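The values are calculated or read from the model by the stated rules, or taken from the named source; none is laboratory data. Just so it is clear, the structure is predicted and the values come from calculations on it, not from any experiment. Note: ideal-geometry Cβ built from the backbone for every residue, glycine included; neighbour counts use all protein chains shown.
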Amino acid sequence: MNTVETSKAKLSHNEVIKEAVPTLAGSIAATLADPNADRFSDDDQQFIKFHGIYQQDDRDLRKTGKKYIVMVRGRIPGGVMSSAQWCVFDDLADQYGNKTLRITTRQSIQFHGVVLAGLGPLVKRINDSLLSTLAACGDVNRNVLAPPTPAYTRAREEVFADCVRVADALAPKTHAYHSIWVEGVQLDLNDPANKDFVDPLYGKTYLPRKFKTAFVIPPLNDLDVLTNDLGLIAVVEGDRLVGYNLAVGGGMGRSHGNEATYPRMADVVGFFTPDRLIAVAEAVLKVHRDFGDRADRKHARLKYVVQERGVEWTRAQIEERAGFKLEPARPFVFTKQGDLYGWHRQVDGRWFLGLWVESGRVKDNGQGRMKAALRKIAERFPVEFRLTANQNVLVANVTEADRPAVATILAEHGVKTENQATALQGASMACPSMPTCGLGLAESERYLPGLLTRLEAVCSEVGLGGEEIIIRMTGCPNGCARPYAAELGFVGKAPGRYQIWLGGNEASTRVNRLWKDNVKDPDIVTELRPVLARYASDRQPGERFGDWSARVLWNEAGAVAV
Ligand code: SF4
């Protein structure tokens, strides 16, 4: 008997409304058409997530009354955008958002601060540009990740094509999205195809919770593939893709004070050839669909199914649904996470430029006028913009002839292409949290830059100046910036208070551990100073901070295994 059957009597409210409205249309179109509406109903707030939209309110303004806004997230498989698409997103941020483009940890772009009146035109224009927002959020497969670097190897092209194939195969098939956002009309429920709609893959109730998929090409692990529900690790021979090692059951999210929730790295369960990709992807998704916890959304991810039922059981379920046996996993090694910054030559002779984007926020009042510079490049050159899972952007396919002009535009706008970031900045990530995310318990994106400055000063004092430590911060335990895969992770507990997690590794194959709970802002540096000093003096040659933390601190009182 599976979890769905055992928990039918106590299904979460989300399950009830999905069953009642499997088209996911709700009354979204009616709200959009109402000139007096400033927000969606409570149930529609759940449905709009499947359409890539979160209803929020500006938390900085709460004292003077709630101002409802929405966040809109693009669905951009592999994070690849043309110059024309970049221009559209840039326009939309100015017209309907807060004049910034927020690159996400899933190779997408979010618009923050959108009011209801602008929502319809914004989503329509994204679709007109041949991108979408469908399934960027919600209980479905989310934006599919693919390696952004190195640009243009043959295997990378094959993997990117597979990324798009999987994104399409796992997309929900409801007509509501097209009807509401592209045609601008209410879904016709008199049409039997809509009235009796059941998604052919997801059924009526979709998944118990979100589902994340990522492709990676070792040895780079530039998107933390093992933190995904479904990880597809390319096996490449002579620059040709021969298949994938399958990893299942990764995930970052947890809840404070709830020991049934925890971050987890995926298990590698076998190998298969590319022709079986869709069958395998659907099979893994169906295991989540059929066995995920539909009573407790905090415990509803595939990782808990894999952890609680075991790897052998999970593999058997996947094989049963895929209709074939997986082969033994092929050997592979991950060496590092992170992005390449600066200019690099592509295999085809052209160039790509890796740009560090502080907290993923492309704007004009930070690292020079980056937003204006990228817009100008997009207008003048047929390049590609590749969003990375570390919230950065690569400007790819720059010809030898165009490279000086691209460099000049960036220089004129005060955007550095060399020595763009300090060692700590370049390896850091923060989630948005305040003021837009309704789940944020503490500051993140607005807080991390100042903390990094203070930590850099300490690192210099103790002899670690210029050394990289992978640092990630989130405003709540959901872990959008994957703090549990960092060497040093900060997780918001309450305003001005953070948990400190230590011991992730450079290759992003290990979950870190809670070291200190509920540390107040001024005490963070005080707590870390002696640890960094000790690391500087005690480490073995070449030993990174995360590895030293795991070797030394995990065996001492204070480090809690999760
Ligand atoms: Fe919001 Fe939490 Fe995600 Fe940060 S980690 S963006 S606070 S849900």
Exercise. With (1) crowded, with 23+ Cβ neighbours inside 10 Å; (2) among the aromatic types (Phe, Trp, Tyr); (3) within 23 Å of residue 133 (Cβ to Cβ) as the list, and residue 244 as the residue in question, which single condition is left unmet?
Worked result: (3)
Seminar exercise, completed: Of the residues in the range 472-493, those that are within 16 Å of residue 298 (Cβ to Cβ) and not polar (S, T, N, Q) come to 476, 477, 479, 480, 484, 491
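A quick yes/no check of all residues on (1) outside the structural domain of residue 353 (by TED's automatic domain parsing); (2) of a type in the set (D, E, K, R); (3) within 30 Å of residue 351 (Cβ to Cβ); (4) not in a loop (DSSP other than H, G, I, E, B):
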site	(1), (2), (3), (4)
112	yes, no, no, yes
120	yes, no, no, yes
148	yes, no, yes, no
156	yes, yes, yes, yes
Seminar exercise, completed: Selection from the range 490-505 of residues closer than 14 Å to residue 545 by Cα and either crowded, with 24+ Cβ neighbours inside 10 Å or within 13 Å of the ligand (Cβ to nearest atom) (or both) yields 501, 502, 503, 504
For this session: Just one of (1) more than 16 Å from the ligand (Cβ to nearest atom); (2) of a type in the set (S, T, N, Q); (3) on the phi < 0 side of the Ramachandran plot trips up residue 508, so point out which.
Result: (3)
Problem set entry | One residue from 189, 241, 207, 226 being at pLDDT 95 or above and either in a loop (DSSP other than H, G, I, E, B) or closer than 20 Å to residue 47 by Cα (or both) | 207
For this session: Go through the residues of the range 82-98 one by one and say whether even a single one is in contact with a helix residue (DSSP H, G or I) (Cβ under 8 Å, 6 or more places away or on another chain), part of a loop (DSSP other than H, G, I, E, B) and of a type outside the set (D, E, K, R).
Result: yes
Exercise. If you take the residues in the range 285-321 that are in contact with a helix residue (DSSP H, G or I) (Cβ under 6 Å, 6 or more places away or on another chain) and of a type in the set (A, V, I, L, M), which one is surrounded by the fewest Cβ atoms within 10 Å (Cβ to Cβ)?
Worked result: 295
For this session: Would you point out which residue out of 461, 487, 527 is within 23 Å of residue 266 (Cα to Cα) and more than 16 Å from the ligand (Cβ to nearest atom)?
Result: 487
For this session: Just give me the residues in the range 21-38 being over 23 Å from residue 171 (Cβ atoms) and either under 26 Å from the mean Cα position of the chain (by Cα) or hydrophobic (A, V, I, L, M, F, W, C) (or both), in sequence order.
Result: 30, 33, 37
Exercise. What is the one condition in (1) under 17 Å from residue 26 (Cβ atoms); (2) buried (at least 24 other Cβ atoms within 10 Å of the Cβ); (3) touching a Phe, Trp or Tyr at 6+ places or on another chain (Cβ under 9 Å) that residue 144 does not satisfy?
Worked result: (1)
Seminar exercise, completed: Across the range 94-138, the tally of residues that are within 13 Å of the chain's Cα centre (by Cα) and under 17 Å from residue 357 (Cα atoms) stands at 9
Seminar exercise, completed: If we keep only residues of the range 378-389 that are within 15 Å of residue 352 (Cβ to Cβ) and surrounded by 24 or more Cβ atoms within 10 Å (Cβ to Cβ), then the residue farthest from the chain's Cα centre (by Cα) is 383
Exercise. Could you give every pair whose Cβ atoms fall below 6 Å, whose first residue belongs to the range 271-283 and is under 18 Å from residue 167 (Cβ atoms) and assigned by TED's automatic domain parsing to the domain that holds residue 306, and whose second residue is surrounded by fewer than 19 Cβ atoms within 10 Å (Cβ to Cβ) and not acidic (Asp, Glu), counting only separations of at least 6 or pairs across chains?
Worked result: 278/169; 283/321
Problem set entry | Selection count where residues are small (Gly, Ala, Ser) and either more than 29 Å from residue 533 (Cβ to Cβ) or within 16 Å of the ligand (Cβ to nearest atom) (or both), scope the range 443-458 | 1
For this session: Among the numbered conditions (1) in contact with a Leu (Cβ under 6 Å, 6 or more places away or on another chain); (2) among the polar types (S, T, N, Q); (3) not assigned by TED's automatic domain parsing to the domain that holds residue 22, tell me where residue 82 comes up short.
Result: (1)
For this session: Restricting attention to strands (runs of 3 or more DSSP E) lying wholly within the range 373-442, give those where 1 or more residues are more than 16 Å from the ligand (Cβ to nearest atom).
Result: 384-387, 393-398
